[in-house]
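The values are calculated or read from the model by the stated rules, or taken from the named source; none is laboratory data. Because the structure is predicted, anything quoted here is derived from the model rather than measured. Cβ: placed from backbone, ideal geometry, glycine included. Neighbour counts: every protein chain shown.
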Amino acid sequence: MEIKGILNTARTLKQGSTMHISKDSPEYMKAIGYIGLCEQDMMSIEVSENDEVKLASETGELVMKVKKMELQEGSFFMPLSYLANRLVSAETHGTGVPSFKDTKVIISKL
C-alpha cells in the first residue's frame, strides 16, 4: 500500500528550541523524526500514529514515524532537517533555494 503526494518542510518551534541543546540529543531527534500525515492518508495505507513508513523521492529514501496532523489529503509535512534533506533535491532551478515546499514523495507501509 502506498500514497503519493507533496512533501512540505519547514522549521518548527520544538525543533528550534531543541537544536540549541544538541543536534544529537534525543529531544532534537524526536522533534525532527516524523512525517505528518492527515487521518485520511493514514487510513489509506492502514497506519497509526508512531508506525514507521518508508518515504521515497527521486533523490532518496527514508523511514520515519507517523504523526497525525491537520493537513490536506496528499500533503505531507516534515520538519526541515538533514533527514528531510535526504528527500529534497539540491536542484534550485536558478533560485539558489531547493524545493523545500513541493517535493514529490511516495509513502508506503512497512
Can you say whether residue 4 is modelled with pLDDT of 95 or more, surrounded by fewer than 19 Cβ atoms within 10 Å (Cβ to Cβ), basic (Lys, Arg) and outside any helix (DSSP H, G or I), as far as the supplied structure shows? yes
Could you list, in sequence order, all residues of the stretch 60-83 that are assigned to a loop (DSSP other than H, G, I, E, B), hydroxyl-bearing (Ser, Thr, Tyr) and surrounded by 15 or more Cβ atoms within 10 Å (Cβ to Cβ)? 81
Which one is modelled with the highest pLDDT among residues in the stretch 84-110 that are polar (S, T, N, Q) and in a strand (DSSP E or B)? 108
